[in-house]
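J.: What follows is a single structure, and I will ask about it in a moment.
All of the numbers you see were taken from the coordinates with simple rules; none came from a lab. Please read these numbers as outputs of a predicted model, since none were measured by experiment. Every residue, glycine among them, receives a Cβ derived from its backbone with ideal geometry; neighbour counts consider all protein chains shown.
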Amino acid sequence: MNRAIIALDLGGTKLAGALFSDAGHLLHRQIAELPAQKGEAVGELIVQTIAEIQEEFASNYQIHSIGLCVPGIYRSETKCVWAPNIQGWENFPLWKRLQAVSRGAEVYIDSDRACCILGEVWQGSARRCKDAIFMTVGTGIGAGILAGGEVLRGAQDIAGAIGWMALDRPYREAFESCGCFEHYASGEGIAKTIKDIIRVKSPAGSLNGKPLEQLTARDVFAAYDQGVPQAVEAMTVVVGFWGMATANLISLFNPEKIIFGGGVFGPASFLLPQIRKEAAKWAQPISMQHVELTTSALGNDAGLYGAAYQTLKAQNKRPHGTEI
């Protein structure tokens, strides 16, 4: 019987579930919206999704592992999860909950930052890399950092929280909840940046007729494409922050590649040449010369692929960097 892995990617609003072969083939994929009440209900949704995939495929595949990607911190010592965007998940005993329904499969959990870079190593833009960084820009900003072939984790498994990079001064209270870099240059930060620009000239202003309180990053990109001056000004500010952060990562880690992903890349992929030009002003010049800036080959599924690959890597089923 063919061997397979159940993989799950838990986001702030959705849960993706999938079945992968050990060779990296995506056999099945499904999406569910998170319940409004969140908390315990999210745990139940994960259990339900695993059960659905087990029922559909267990007769044809030996499901030997379950891998889960979470939007926060997995504390490996206690096997609990801290997920700030899920109510009641300050110390949620997720591993224990999944182990109880695993039907003998081994359960592995990791952060979305780690899983995204692992997914790109396995099947995406970081194949054959030993030093690479996945910068995810969406509602928040984070980085999965691969150094010497291993994910860099830090003392409390928080390494890669680059949304907290200090890239501006003086310090502002607005940075307290999310960090300086994330405040300006995340998906929500892009909207904040253009609102600040418009309010300087007109407190009750709008962008292409849309009220300020309703603006999103997508509205800013659409206005940028049309050459709207406020949008061009806002994206110049944002690209400046992306470039500085990229330069800092290049100087610190000397990576082979920096891979841009998350909900904003997409739409912002065309800005990579400008980001590189800005980064080159600040970065260590030899490292800058040799690094490649690129976008995710797996798109929104990078974390899902990484959730599956972490199980193979943990079990030493496939050496790092092996070509599939």
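J.: Summing Lys, Arg as +1 and Asp, Glu as -1, what charge do residues with Cβ under 13 Å from the Cβ of V107 carry, V107 excluded?
T.: Residues near V107 contribute +2 overall.
J.: Here's a follow-up. Given a 10 angstrom Cα cut-off, can you work out which residue in Y309, Y108, Y61 is the most mobile in a GNM of the chain?
T.: Taking springs between Cα atoms under 10 Å, the residue moving most is Y61.
J.: First select every other residue whose beta carbon is under 15 angstrom from the beta carbon of G88; then total the charges, Lys and Arg +1, Asp and Glu -1.
T.: Net of charged neighbours comes to -1.
J.: Starting from the coordinates of the alpha-carbon atoms of the range 16-89, obtain the Kirkwood hydrodynamic radius over all distinct pairs and give the value in Å to one decimal.
T.: Mean inverse Cα-Cα distance, inverted, gives 13.9 Å.
J.: Counting only helical runs of four or more DSSP H residues, what would the 222 nm mean residue ellipticity of the chain come to if each run contributes -39,500 (n - 2.57) and the total is spread over all its residues?
T.: -11500 deg cm²/dmol
J.: Same structure again: Percent antiparallel among DSSP beta bridges with both residues in the chain, to the nearest 5?
T.: Around 55 percent antiparallel, to the nearest 5.
J.: Where in the chain are the DSSP H helices whose C-alpha atoms run 15 Å or more along the long axis and whose mean Kyte hydropathy is at least 0.5?
T.: Helices meeting the criterion: 229-253.
J.: How many lysine pairs in the range 125-296, separated by 8 or more positions in sequence or lying on different chains, have Cα atoms less than 23 Å apart?
T.: 7
J.: Let me ask something else. Around S111, which amide H atoms from residues at least 5 apart in sequence, or from another chain, sit under 5 Å from its own amide H, with H modelled in the peptide plane?
T.: V70, Y74
J.: Take the alpha carbon atoms of the range 1-73, find their center, do the same for the range 145-217, and report the distance between the two centers in whole angstrom.
T.: Each part reduced to its Cα centre gives a spacing of 31 Å.
J.: When the chain is fully extended, how far beyond the present Cα-Cα distance does A100 get from I31, taking 0.36 nm per residue of separation?
T.: 22.6 nm
J.: Which semi-axes, in whole Å and largest first, does the equivalent ellipsoid of the range 125-296 have when worked out from the alpha carbon gyration tensor as the square roots of 5 times its eigenvalues?
T.: 29, 17, 14
J.: While we're on this one: Calculated FRET efficiency, K277 and K201, Cβ-Cβ r, R0 41 Å, to nearest 0.05?
T.: Working from the Cβ atoms, E equals 0.90.
J.: With charges only on Cβ, +1 for K and R and -1 for D and E, what is the dipole size of the range 125-296 about its Cα centre, in debye, rounded to 20?
T.: The calculated dipole for the range 125-296 is roughly 280 debye.
J.: Taking R0 as 51 Å, what's the FRET efficiency between A222 and E90 from their Cβ-Cβ distance, rounded to 0.05?
T.: So, using R0 = 51 Å, E works out to roughly 0.85.
J.: What dipole magnitude, in Debye to the nearest 20, does the range 100-158 give about its Cα centre under +1 on Lys/Arg Cβ and -1 on Asp/Glu Cβ?
T.: Charge dipole, the range 100-158, about its Cα centre: 140 debye, nearest 20.
J.: Now a separate question. Which is the longest part of the chain that has none of the GluC sites (Glu not before Pro) sitting in a DSSP loop with at most 14 other Cβ atoms within 10 Å?
T.: 177-322
J.: If Lys and Arg each add +1 and Asp and Glu each add -1, what is the summed charge of the other residues whose beta carbon sits under 10 Å from the beta carbon of L293?
T.: Every neighbour counted, the sum reads +1.
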